[in-house]
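First up is the structure itself, then whatever we jot down about it.
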Amino acid sequence: MDLLPYFQSLEATFIGTKVRESLWMFPVIECVHLLALGLLGGAAFVLDLRLLGFGLRDQAPPDLERKLHPWLRASIAMLILTGVPMFLSEAIKCYYSPPFWYKIGGLIFAIIFTLTVRRRVAARTADKAPVIALASIVLWMGVAFAGRWVAFY
Amino acid sequence: MVEFFQWLEATGGSVAIRESILLYPIIESTHVLTLCLFFGFIALMDLRLVGIALRGVPVSQITSRIQPFGVAGFVIMAISGALLFYSSPMRAYTNIFFRVKLVLMALAGVNALFFHKTIFKSVDDWSDALQPPPGARLAGLLSLVFWSGVIICGRMQAYKWFD
């Protein structure tokens, strides 16, 4: 299946065209994307550190999960909301960019993993769950790394 | 200072990073990714100080257990950032966003120092409070504003609007 025609029409959408033709829109959206990325890191890794046995060791993982989840969800929402217009503005470039495909694959996996497996494990873990925590760290760092490399290749 | 930066830009290491296909992207993505550690942890600490995140977790617990990781993030950030600067000092020197970024970093530093020398001294009195005292909330808010500004300027620096 050749996806190129779809990417061409995505690039031609109203939002894609507006962002691409504007001098300031892409940079501004990108700044919000980066701030959200930082927040995601905080919201995800504070719990991951706890599951590894570091950080807020005096807090029970289920408590911490409940307190951090709204921030995690909000930052993922903000990342998608800002990521989509940036993608639309250069969809064809993304189509030919290997890091883009790694990023999207990793992202889908990371979101599903975080909202299902990690969430459920954290909600009933009394102390540690190092494998889940490491998987979360590697997944999100990998997605962010691949995302940065979309700009290089 | 210009002469020094010109000399720095001509050194072997600077040229090597600038012209390398892999070195520059690797240093640059390390710098960006460390955002997740440094800004992420700092932002959560600040949001706790403001009184909207991690309510119920004592502030002193957050500063003693999370701050070290934030500091580690800062060290990676500073080293990778210094290397990026070293790769093209003249471009940074003439860039307005780079200059604003330095000022904002200094302001963030002064804010943190002032907070630790004053309000934080009595943290034991308000560590468990869902809403820290006004001074602590203000310090948290200022920290969020300054560091967000640093990130925005850092990103904008890459665009050559005013070069």
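Tell me, please, whether a residue that is under 20 Å from A:Leu134 (Cα atoms) and under 21 Å from the mean Cα position of the chain (by Cα) can be found in region A:25-37. Among the residues of region A:25-37, at least one is under 20 Å from A:Leu134 (Cα atoms) and under 21 Å from the mean Cα position of the chain (by Cα), which makes the answer yes.
The residue of region B:21-35 that is farthest from A:Asp48 (Cα to Cα), among those that are in contact (Cβ under 8 Å) with a residue 24 or more places away in the chain and facing chain A (nearest Cβ under 8 Å), is B:Glu28.
Among the residues of region A:3-60, those that are touching a residue at least 60 places away in the same chain (Cβ under 8 Å) and not in a helix (DSSP H, G or I) comprise A:Leu3, A:Thr13, A:Gly53, A:Ala60.
Of these, A:Leu40, A:Leu107, which one is under 15 Å from the mean Cα position of the chain (by Cα), at the interface with chain B (Cβ under 10 Å from one of its Cβ atoms) and under 17 Å from A:Phe145 (Cα atoms)?
Numbers: A:Leu107 fails: at the interface with chain B (Cβ under 10 Å from one of its Cβ atoms).
Only one candidate qualifies: A:Leu40.
Summed over region B:115-147, residues that are surrounded by fewer than 19 Cβ atoms within 10 Å (Cβ to Cβ), within 14 Å of another protein chain (Cβ to nearest Cβ) and in a helix (DSSP H, G or I) total 1. Going residue by residue through region B:83-97, is there one that turns out to be within 30 Å of A:Ala43 (Cβ to Cβ), more than 9 Å from chain A (Cβ to nearest Cβ) and among the aliphatic types (A, V, I, L, M)? Yes, region B:83-97 has at least one match.
Selection over region B:93-110 of residues that are buried (at least 19 other Cβ atoms within 10 Å of the Cβ) and part of a helix (DSSP H, G or I) gives a count of 3. B:Gln67 meets the conditions (1) in contact with a Pro (Cβ under 9 Å, 6 or more places away or on another chain); (2) within 22 Å of B:Asp124 (Cβ to Cβ) in every case but one. The failed one is (1). Taking the stated definitions as given, is B:Leu49 more than 11 Å from the chain's Cα centre (by Cα), more than 10 Å from chain A (Cβ to nearest Cβ) and crowded, with 19+ Cβ neighbours inside 10 Å? So B:Leu49 passes the test. Inside region B:81-115, residues that are free of Cβ contacts under 8 Å to residues at least 40 places away in the same chain and farther than 20 Å from B:Val145 by Cβ make up a count of 2.
The residues in region A:1-41 that are among the acidic types (Asp, Glu) and exposed (fewer than 13 other Cβ atoms within 10 Å of the Cβ) can be counted, and the count is 2.
Only one of the numbered conditions (1) surrounded by 19 or more Cβ atoms within 10 Å (Cβ to Cβ); (2) within 30 Å of B:Phe5 (Cα to Cα) is violated by B:Met90, and that is (1).
Filtered by the rule that a residue be surrounded by fewer than 19 Cβ atoms within 10 Å (Cβ to Cβ), at negative phi and not in a helix (DSSP H, G or I), region B:54-70 gives a lone residue, B:Arg55. Which condition breaks for B:Met1 when tested against (1) modelled with pLDDT under 90; (2) in contact with a Ser or Thr (Cβ under 7 Å, 6 or more places away or on another chain)? Single failed check for B:Met1: (2). The residues of region A:120-135 that are surrounded by 13 or more Cβ atoms within 10 Å (Cβ to Cβ) and more than 14 Å from A:Phe54 (Cβ to Cβ), listed by number, are A:Val121, A:Ala122, A:Ala123, A:Thr125, A:Ile132, A:Ala135.
Give region A:51-94 a look and list any residue that's over 30 Å from A:Ile15 (Cβ atoms) and facing chain B (nearest Cβ under 9 Å), or say none. Can you show your working first?
Going through region A:51-94, the residues over 30 Å from A:Ile15 (Cβ atoms) turn out to be A:51-68.
If the condition is that a residue be over 30 Å from A:Ile15 (Cβ atoms) and facing chain B (nearest Cβ under 9 Å), then A:Phe54, A:Gly55, A:Leu56, A:Arg57, A:Asp58, A:Gln59, A:Asp63, A:Leu64, A:Lys67, A:Leu68 are the ones that fit.
Take A:Val131 and tell me if it is away from every other protein chain (no Cβ under 14 Å) and either free of Cβ contacts under 8 Å to residues at least 40 places away in the same chain or at positive phi (or both). Taking the combined requirement at face value, the residue satisfies it.
The values are calculated or read from the model by the stated rules, or taken from the named source; none is laboratory data. Predicted, not measured: the structure shown is a model, and the values here were computed from it. A quick note on method: Cβ atoms are made from the backbone with ideal geometry, for glycine too, and the neighbour counts reach across all protein chains shown.
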